[in-house]
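The values are calculated or read from the model by the stated rules, or taken from the named source; none is laboratory data. Please read these numbers as outputs of a predicted model, since none were measured by experiment. FYI the Cβ positions are ideal-geometry reconstructions off the backbone, even for glycines, and counts take in every protein chain you see. In case anyone asks, the SASA skips ligands and DNA or RNA and just uses the protein heavy atoms, side chains included. Shrake-Rupley method; radii C 1.70, N 1.55, O 1.52, S 1.80 Å.
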Amino acid sequence: MSLEDLFGPQPDEPERAAGREGRAPREPRPAREPKPPREPKPPREPRTPGGGGGSRMTLILGIVAAVLAVAVVAVVGFALTRPSDSAQPAPSAPSVSTDDASVPASTPSSTPSPTTTAAATGVAFSATGFTLTSASGQPFTYRWADEPTAAVAALTAAFGAPPTQRTQAGDGSTLPDYTVYAWNGFSLFEMVPTATLTRADFSQPAYALFTANEVGGVPITAEFGLKIGMSAAEVRALTPAPASETPRPSGSIRFAFDPQRSSFKNGTPSYSVFVDTDGADGPVGTILYFYAPQ
């Protein structure tokens, strides 16, 4: 059954057609002006394989070239400044043996070298000083007012060893300080001059003592036949006999010989001889030469 059977004939299509035919026709739109053609873009430079590796590779090559240039300059500079094969090498510090390691280092002494190398044969004392004799060469004589430098050098050569040094303090007014040059068994005391006490004006610019009859194999000789090791009785029996005998608080005895000769005339000191025993009966332990006027 069709629609016409149900509702009769349908006039829609003819009515729409009649309506369209009754409208006024539209005016045609004016044609658009054509757009001007675009300028073609310049062609891109072809890329090297790997994207932007070209500029990176250039940077790397520049860095490598700079490093090589610095290396070349360094090598050339080293070649120009290197000493020649004929140059002497710098001296190395002397090695220290293990034997010397246990020995404490001493302060270098300003004692000059002795003027003679002849073997010493003895040191003989007198009122005005001492004389050092040798098997050959001229004897060396030291006076108490002499400068000590030459005497210290001569004794060092004679005894075969340098002395130790220390300072013996004075009283700060009438008695000066003394520099003590000590060998094993022999000591020389030299005053330290001051503005008010000079060697030329002081009655005891130096003095000496010894505690052995030989030092470094060199005999030490005192006057009056005195020797280290004598008993008190042997000292009393000497001729001339000691001028005085003084007991000391330690129990020892001090003997004095010829005290009258201690003097200071025309700048020349003259000393007496003194003997100290190690007990009331001896033995003699020290023989001294110093200024002690009576």
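The residues of region 174-245 expose on average 44 square angstrom of accessible surface per residue, using a 1.4 Å probe on protein heavy atoms. Which shape class, rounded, prolate or oblate, goes with region 120-212 when its Cα gyration tensor gives a ≥ b ≥ c as root eigenvalues, a/c under 1.5 marks rounded, and past that a/b bigger than b/c marks prolate? Prolate shape, in that a/c is at least 1.5 and a/b is the bigger ratio. Annotation: amide H of residue 186 within the under-5 Å range of 211, sequence separation 5 or more or interchain, hydrogens built in the peptide plane.
Rolling a 1.4 Å probe over the protein heavy atoms leaves residue 63 with an accessible area of roughly 100 Å². Summing charges over neighbours of residue 225, with a neighbour being any other residue whose Cβ is under 14 Å away from its Cβ, gives -1 when K and R count +1 and D and E count -1. The stretch between residue 179 and residue 265, if pulled fully straight at 0.36 nm per residue, gains 28.5 nm over its current Cα-Cα span.
A simple count of charges around residue 181, restricted to other residues whose Cβ falls under 15 Å of its Cβ and scoring Lys, Arg +1 and Asp, Glu -1, yields -3.
Compute the Cα gyration tensor for region 227-290, then decide on rounded, prolate or oblate, letting a ≥ b ≥ c be the square roots of its eigenvalues: rounded whenever a/c is under 1.5, prolate when a/b is larger than b/c in the other cases, and oblate in all that remain. Note, shape of region 227-290 comes out prolate. Could you please state how large a percent of the accessible area of region 181-242 is carbon and sulfur, counting protein chains only and using a 1.4 Å probe? Roughly 56 percent, rounded to a whole number. Measuring nothing but how far apart in sequence close Cα pairs (under 8 Å, 6+ apart) lie, relative to its length, region 156-214 scores a relative contact order of 25 percent. Using only the Cα atoms of region 186-245, build the gyration tensor, take square roots of its eigenvalues as a ≥ b ≥ c, and label the shape rounded, prolate or oblate: rounded if a/c is under 1.5, else prolate if a/b is larger than b/c, else oblate. Verdict is oblate for region 186-245.
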